[in-house]
Amino acid sequence: MKKIIHVLESIPATIIGGIFLIASFVFPKVGMEILGNLAWVTILISGSPLVYAAVKKLIRNKGISKISSALLISVAMIAAVLIDDLFAAAEVAFIMAIGEILEELTTGRAKKGLKKLINLAPTQGRIIRDGKEIVIPAEEIKQGDVIRILPGEAIPVDGIIISGETSVDQSVMTGESIPVDKSVNDEVFSGTINCFGSIDIKATKVGKNSSLQKLIQMVKDAEDKKAPMQRITDKWASVLVPVALVIAIITYIITKDVTRAVTVLVVFCPCALVLATPTAIMAAIGQATKHGIIIKSGEALEKMGKVNTVAFDKTGTLNKGDEGWSVTTTTANVYFGTAALWGRKAYKGIRTIVVSQAIDIERAGIYDMSFWVKRLKQTGSDVLQVWANNRPDTVGGVKLGVVHNGINESPVVAASGWYKYEYNIPLSGVTYIVLEMISNQVSQFYVDELEVYLAPTCRKVSDVKWVDETTTGGIVEWKKAAEETAWIVNAQANSVSGEVKEYQDTIWGTPQWVFSGLESGTDYVVNGEVMAYCGGEDKGESVSFDFAFMTDCEAFVDFPFAEGFEDGLFPPKCWEQWQIASPNGVDSTKQGWGRNSNLTNYIHRGSASAQLYNFSEGHKHLLVMPQMDFGEGGYRLTFWQYRNSGYTIKQLEGIRVLINDKPSTEGARELIYIKSNMLMYPEVYEAGFYKYKVDIYDTGKQYIMFEGVSENYTASFIDDVEISEIPECDEIGKFAVVDVLDTKISVKLRKSETISLPNVG
């Protein structure tokens, strides 16, 4: 019978009953003749559960509790049927069915929670008997049994630890997410999780007596309770039923009209209470859910109406305990004073906020805020978002900025790991500063010295950086603070020789300082400060800078030029070197060009030479000479080269000599390619060293470059690089006798010129 009643109370059955109720009303109105009254279907579907409930209470309950709202409604429904008012009977039954469905929906969420709680109950345990581990169902564990719980396992019963130490996650019982340390003689509870060490416990409470089973039963009992408002119909039924019957009888006696008597019974049915209460409860639970609040039951909701104070546990009740914000007093994580705000590491995707006290701001834009941040992980993708809002959350707020854990957004660096961030507050009225931490890689932040203060009318510039050097100075630029158009720079440049040059400039229009007056090709350190200038005495806070650089060299015009790499500087003054290709991305000190002063066999003349170090296949290093002004052309490059013959020589290995109007290989012209396996017709000076001459007819300002190309770790040395004008009468290079005649001999010069000499015999 219960199964049939359960089906009749279901939503699909109630919908069918409603359809037949509407049809019983509409069909006669439109002249449709149907076999029988369709309202009977609604009465059977929706009315049967009411009659069943009324009869069950009459049989089981005692005293006045036998009389219920179901009895009153059943009496009215039966009376309506007896006078052949089937529509009225069906209507009352359908309304009551709708009320029952609404009540069921209000408790559905809580029933799901109960199901999850039941699923937490362990189903088996590992007991120790006769020195052996045996896994048995949890319900078979007896008081006094010794149970072994391994790391990660749920504790099946309440007990006392008799061996081992561990930490236990008791969040299912207490709401605390932080594990609790446990050792011998400490109590543990059913359903909690053993986090770390293996322990043996002695069972003290088993079966229905365990803590988890008692908790489940408490929840079940709470689920079975109706809300006080829902019990009103039953409370007043004991009064309403006798009163309704008496009034109905009196009405019949006076009027002799059964219909009127039945009408009295129908009118007394508490349909309004049955529908209104669950409807109101459902609406309230739905609205609470939209704001992230889950209400367990209608009874809980009604009790909250009488609450004037809410007390929360110290941790774990409102968050997971290992997430969110707290205060740290660890000295290493405090910028100033004794404490700092700690944005604690959290699981991926967790968003937590901390809200300042309310700040009354007179006008938007007139206040700034700042704080110092220490980022614990320099490569993480976690972020700290900074908001200003007229309410204590981020909804509808203004995002002032974002601090990335692994990225420097050009803040002011105070100390190692600490950065200062500053923002203007574009709001007025009651305003809150909200810090929102978003965790992606389980990192953390430390925040200290958060301040809100009246903004200066002339703001501080930011991101001061070195741009480029010139032959007589350099270029420094910065980001403007607001709409200012003028800046003041105070600085000085100091050379390695002791030269000092003072600067005091006012910059207009572009936030860039271009200074000059220095020696070309000289090392300098320039330091000073820059501040915004807003007129009169209104100046922004100064920002200091300090840059080391070397001024560019002027093009060489006074030939001959010579470099023997004799002084200790490498590259020599106004020379440059860099790696232009590295297959493995590594640029170690054992690669590229350097100065050789130890291996005297590899020095052509003097005390040093330039060495192209051994490096692996595919590497290319560039040694760039100072800029030369060749005018209309006609110059000769000479240099000496020594090739280390101790390595296997490959075809492409060697030194390329290039010329270009810029210090780059892009678009450069090759003057000569000295491959390591070819002599390239040099002049032999001494063992191992070869002299090369290259005539240059390029005009204007040019750069000559030595490009080292490696395939097999081969070393090369160059020395005594010279550039001079091509002589009008050139020296004779190598020559060979090609023919001997009676009166003369023929000689072929290196330049393929043939001359005749007198016959000398």
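Since every read-out is calculated from the coordinates, none of them should be taken as a lab result. These figures come from a predicted structure and were not determined experimentally.
Here the 3J(HN,Hα) profile of segment 463-480, calculated from phi with Karplus coefficients 6.51, -1.76 and 1.60 at θ = phi - 60°, is 6, 6, 8, 7, 9, 6, 9, 10, 5, 10, x, x, 9, 10, 9, 8, 8, 5 Hz, Gly and Pro shown as x.
Database remark: amide H of Lys460 closer than 5 angstrom to the amide H of Glu541 (H placed geometrically; neighbours at sequence offset of 5 or more, or on other chains; Pro and chain starts carry no H).
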